[in-house]
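One structure below.
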């Protein structure tokens, strides 16, 4: 192998490792939600290429209100699903949509678009 081929190969390996780390291994920030005066835990979530925030920490046994605002027109983000809570909601572009339920049991629960491409996690403590 020539030095250029070695450099390109090593660069490709380094780029592959970085991509794997960035998408699967990098630590992600969590948003901890606390209850307001009304006793309802409330969080605003922006839908644009994903969910922001995508990891939400709440307390079990307290009502949860999630305010979704979709800021894109991609078909995949039209619906959000909470399979473990048997909840779903249509997300019209530019409109705020409320998803409300009370998570009773501690654990980690996923939420996603109908195609499974956009994903988030609800951590109930």
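What the table below lists for this structure:
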| item | result |
| --- | --- |
| Lone qualifier among 103, 63 - being in contact with a helix residue (DSSP H, G or I) (Cβ under 8 Å, 6 or more places away or on another chain), surrounded by 13 or more Cβ atoms within 10 Å (Cβ to Cβ) and within 27 Å of residue 38 (Cα to Cα) | 103 |
| Check on residue 61, out of contact with any strand residue (DSSP E or B) (no Cβ under 6 Å at 6 or more places or on another chain), under 15 Å from residue 119 (Cα atoms) and assigned to a loop (DSSP other than H, G, I, E, B) | no |
| Identity of the residue in the range 41-52, touching a residue at least 60 places away in the same chain (Cβ under 8 Å) and touching a strand residue (DSSP E or B) at 6+ places or on another chain (Cβ under 7 Å), that ends up nearest to residue 110 (Cα to Cα) | 51 |
| Scan of the range 19-43 for residues that are modelled with pLDDT under 80, surrounded by 10 or more Cβ atoms within 10 Å (Cβ to Cβ) and under 13 Å from the mean Cα position of the chain (by Cα), ordered by number | 30 |
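For (1) modelled with pLDDT under 95; (2) in a loop (DSSP other than H, G, I, E, B), each residue gets a yes or a no:
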position	(1), (2)
49	yes, yes
68	no, no
97	no, no
108	no, no
120	yes, no
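The values are calculated or read from the model by the stated rules, or taken from the named source; none is laboratory data. Model, not experiment: these values are computed from the prediction. Because the Cβ atoms are built from the backbone with ideal geometry, glycine has one as well, and the counts that use them run over all protein chains shown.
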